[in-house]
1. At Arg224 and Leu286, where each label point lies 7 Å from the Cα along Cα→Cβ, what is the point-to-point distance in nanometres?
2. For the chain, with a Gaussian network of springs between Cα atoms less than 10 Å apart, report the residue from Lys328, Lys15, Lys201 with the top mean-square fluctuation.
3. When every alpha-carbon pair in the stretch 209-300 is counted, what percent end up more than 21 Å apart?
4. Based on DSSP, what percent of beta bridges with both residues in the chain are antiparallel, to the nearest 5?
5. Placing +1 at every Lys and Arg Cβ and -1 at every Asp and Glu Cβ, with all other atoms neutral, what dipole size does the stretch 215-340 have around its Cα centre, in debye to the nearest 20?
6. Which of rounded, prolate, oblate describes the stretch 1-158, given a ≥ b ≥ c as roots of the alpha-carbon gyration tensor eigenvalues and a/c under 1.5 marking rounded, otherwise prolate only if a/b is larger than b/c?
7. Considering only Pro91, Pro150, Pro134, give the residue with the highest GNM mean-square fluctuation for the chain, with springs between Cα atoms whenever their separation is below 10 Å.
8. Using each residue's phi in the stretch 22-31, evaluate 6.51 cos²θ - 1.76 cosθ + 1.60 at θ = phi - 60° and report the 3J(HN,Hα) Karplus result to the nearest Hz, with x for Gly and Pro.
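Coordinate-derived values only; no laboratory data. On a predicted model such as this, the values are computed, not experimentally measured, just so you know. Quick reminder, even Gly has a Cβ in these numbers, built from the backbone with ideal geometry, and neighbours come from all protein chains shown.
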Amino acid sequence: MTDAAFTPRVFSGIKPSGNLTLGNYLGAIKRWVGMQGPDFETIYCVVDLHAITVWQDPATLADATREVAAGMLASGIDPETSILFNQSQVPAHAELAWIFNCVARVGWMNRMTQFKDKAGKNTEKVSLGLYAYPALMAADILAYHATHVPVGEDQKQHVELTRDIAAKFNHDFKVEFFPLTNPVIEGPATRVMNLRDGTKKMSKSGESDMERINMTDDADTISRKLKKARTDPEPLPDTLDGLKNRPEARNLVDIYAGLAEVTSDAVIAEYAGAGWGRFKPALADLAVEKLGPISSEMSRLMADPAEIDRVLANGADRAEAIAQPILKRTYDIVGLVRSR
């Protein structure tokens with residue numbers, strides 16, 4: 001393998017912890033589908049090792065892993081065009097993560113805001129995995145020499161850490177082996193917010209199911225949730241600037257834009273002055289049109305888990321064929337003896 005010869009390659013993944021939501025679709029999967037094609041080799045992963053940084057019921061984790069895979073397939077991830085697999089089937093992720101644990105500095109980990117948010121006041125009681133998982137995320141990316149990672153704004157810090165780890169490894173060992181991966185952040189709804197509180201991100205684990213649109217929701221449920229979404233009494237303004245300090249209104253406009261594949265400015269231009277009695281039903285109809293077929297296909301796929309497992313196994317074989325030579329070269333660079 002020639003150092004510093006990097007194929008344009010995309011890597012990204014979703015953690016199987018709870019139901020897939022509209023936030024996962026607009027903020028990640030829909031964008032991944034759009035990146036398939038001649039410009040990049042695309043590798044998409046169900047990151048089940050990340051899920052176990054907090055305790056998971058084993059049967060629930062297995063079901064959630066297959067559901068995430070089904071959601072990707074139903075949304076348009078083509079397993080012939082892209083590589084689709086679950087992380088734990090490719091040991092290079094965990095092996096390279098240990099190397100990166102020895103490259104990354106404790107101070108870097110202490111700056112990770114996601115850990116602080118998730119650990120809260122219980123930092124002494126959470127797993128070591130929750131603290132160190134950014135090194136595993138870097139390994140996920142760099143095991144494939146990925147050059148681009150589509151992420152939401154909240155994950156940008158982890159890609160920056162990945163770049164720091166790659167740069168320090170290259171510097172310490174005087175090589176140009178790992179690429180400085182670029183985060184790809186674009187689109188009007190890369191961060192979909194809670195339907196009951198527009199200041200919070202839409203979450204799989206929120207207290208109320210009315211806070212989110214699940215990708216498995218049927219048409220009636222999708223419509224009901226959007227029509228009951230929290231708003232304010234003011235109509236939509238003439239410009240996007242008019243949505244400042246109106247987080248719930250801005251969220252619904254952004255969701256419409258993401259589903260319609262237009263800009264948020266274009267949505268405002270069409271609905272300027274409209275009340276919620278007009279906008280919410282239009283949004284609900286659009287969401288049902290776009291998400292209904294995905295929900296139906298997910299149900300069909302989940303009824304045949306053996307087929308999902310077949311797709312994941314094939315993807316894991318293809319992923320390993322890329323990752324193993326990179327891991328072996330890493331071991332050689334570090335000076336680890338491989339005599340068999």
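1. With each label point 7 Å from Cα toward Cβ, the separation is 2.4 nm.
2. Lys328
3. On the way: 1220 of 4186 pairs.
Considering the stretch 209-300, 29 percent of its Cα-Cα pairs are separated by more than 21 Å.
4. Working: 2 of 16 bridges.
Percent antiparallel among DSSP bridges in the chain is about 10.
5. Details: 18 positive and 21 negative charges, 111 e Å.
The calculation lands at about 540 debye.
6. Numbers: a/c = 1.71, a/b = 1.20, b/c = 1.42.
Note, shape of the stretch 1-158 comes out oblate.
7. Pro91
8. Computed from phi, the couplings for the stretch 22-31 are 4, x, 4, 5, 6, x, 9, 4, 4, 5 Hz.
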